[in-house]
1. Cβ-Cβ below 7 Å, separation at least six or inter-chain, first residue in region 501-513 and outside the structural domain of residue 433 (by TED's automatic domain parsing) and within 18 Å of residue 443 (Cα to Cα), second assigned to a loop (DSSP other than H, G, I, E, B) and modelled with pLDDT of 95 or more: which pairs?
2. Tell me the residue from 266, 304, 271, 260 that is closer than 25 Å to residue 398 by Cα, in the same structural domain as residue 366 (by TED's automatic domain parsing) and loosely packed, with under 11 Cβ neighbours inside 10 Å, please.
3. Residue check, residue 21 against (1) at positive phi; (2) at pLDDT below 90, all met but one. Which one?
4. Return the residues of region 339-366 that are surrounded by 15 or more Cβ atoms within 10 Å (Cβ to Cβ) and more than 15 Å from residue 269 (Cα to Cα); say none if nothing qualifies.
5. Any residue that is more than 21 Å from residue 527 (Cα to Cα), assigned by TED's automatic domain parsing to the domain that holds residue 499, in contact with a helix residue (DSSP H, G or I) (Cβ under 9 Å, 6 or more places away or on another chain) and at pLDDT below 95 - is there at least one of those in region 388-403?
6. With respect to the numbered conditions (1) farther than 26 Å from residue 111 by Cα; (2) touching a helix residue (DSSP H, G or I) at 6+ places or on another chain (Cβ under 9 Å), which one is the sole condition not fulfilled by residue 41?
7. For region 465-497, give me the residue count where each residue is touching a strand residue (DSSP E or B) at 6+ places or on another chain (Cβ under 9 Å) and within 28 Å of residue 365 (Cβ to Cβ).
8. Name every residue in region 103-138 that is over 15 Å from residue 88 (Cβ atoms), in contact (Cβ under 8 Å) with a residue 40 or more places away in the chain and out of contact with any helix residue (DSSP H, G or I) (no Cβ under 9 Å at 6 or more places or on another chain), in order of residue number.
């Protein structure tokens, strides 16, 4: 992302105008690489987000709510010790550096006025947050850097704070590659001085309806394929760009342990399925064992002890062809017959047992695949909590002790309205799918589900009337979008009345059978 020196200059000016004179009255660290400062002044309050994570480093004003840990990290406690009550005197940027300095006026333990600086280094993978005292010495850093990690620049408590080293001769860090390409496209030298005559505007680059990038001036090099959308402020631009990205990353982080557990269980089920399928194949010759036993029993009078094989007429075949049967020379003819009968019975019993186990493995693997699809579609912490509860009920996860903590209210199904005003309900997970299909839906409501893929159960409320085809199509598009086929071009969706959907006895959550369906080809477009 082009969070370059020029963008940071404009951002710093905005923050300086907003924050100067305000006091810090709360400090939180909701994530290991995120700090939120709550400030207050005569003109009201503000919250400052400082993120020093790789790939998402930024500083901006924010309105977003962040969930704080029950026990604040040590770095957060240190910031509270030195920053609470401190007043912002300026927000500055060292020349052409990708960083901002929050200059602060505070008081020490003796009540003496002291200066402090919060250095926000926005250096990509080396992003950091450093607290410096009035003498320029480091009080602490979010990421400590010792001599072994970097012989050029250490960031350890007690050391003098030094700015990041200048780039090597010939390398230019003031402009991002995007802006350098844009300057060349416009026929201007790729230098900061060339920007003096251009208006700097907070700009989001949007491609196919999705945020692609951000910068400080409209970008023309992509033509009509990429739209340049202006924002009212630099913080507002960063907040908008990272809002969806942070939400997705946060959910992925929270879902990681559940995803790992589900994938592990699914892999185990699939390995058992493959092994038992192989074992089942070994029972395919069981009838041959029985036939051999019958032939030996019928011809014992012709056989002698110590024979390694015997050739007999196979009376099971129309022409009674001769067949050679291997024998155990150490056993009598009766014992060889008994051995073949035993092998037949063992394989027959194993086949019945393995067939049942394979069916169980297939159902389990299919069920876990549906859970994995749910995790991919999860849109909130409530969705993850519902999936976790489903895994608890299924016996894959132990239920955590609540310790008096109030259980969160489960997420409700998603609700939409068709162009004709009909309500559409979309399940978020298997438990909710069951609730919608088996209890919420009326008999004459339409039930929709993607064909041969995992996805949400969708209910089109018909109020006892025949729905219009446009509403059916829009409901089908929702079923396609909230499924494994959500990235495809066209998806087959089955449609039937809710009364035609049944749940087999003992079936896993979300698994149903249905009849009297018709198929609609739908487009899983977010716009619909």
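The values are calculated or read from the model by the stated rules, or taken from the named source; none is laboratory data. Everything numeric here is computed off the predicted structure, so don't read it as measured data. Cβ: placed from backbone, ideal geometry, glycine included. Neighbour counts: every protein chain shown.
1. Pairs found: none.
2. Working: 266 fails: loosely packed, with under 11 Cβ neighbours inside 10 Å; 304 fails: closer than 25 Å to residue 398 by Cα; 271 fails: loosely packed, with under 11 Cβ neighbours inside 10 Å.
Just one listed residue meets the conditions, 260.
3. (2)
4. Within region 339-366, 339, 340, 341, 343, 344, 347, 348, 350, 351 meet the criteria.
5. Residues of region 388-403 more than 21 Å from residue 527 (Cα to Cα): 388-403.
Next cut, assigned by TED's automatic domain parsing to the domain that holds residue 499 only: none.
Within region 388-403, none of the residues are more than 21 Å from residue 527 (Cα to Cα), assigned by TED's automatic domain parsing to the domain that holds residue 499, in contact with a helix residue (DSSP H, G or I) (Cβ under 9 Å, 6 or more places away or on another chain) and at pLDDT below 95.
6. If we test residue 41 against (1) farther than 26 Å from residue 111 by Cα; (2) touching a helix residue (DSSP H, G or I) at 6+ places or on another chain (Cβ under 9 Å), just (1) comes out false.
7. Number of matching residues: 17.
8. Scanning region 103-138 gives 121, 123, 124, 125, 127, 128.
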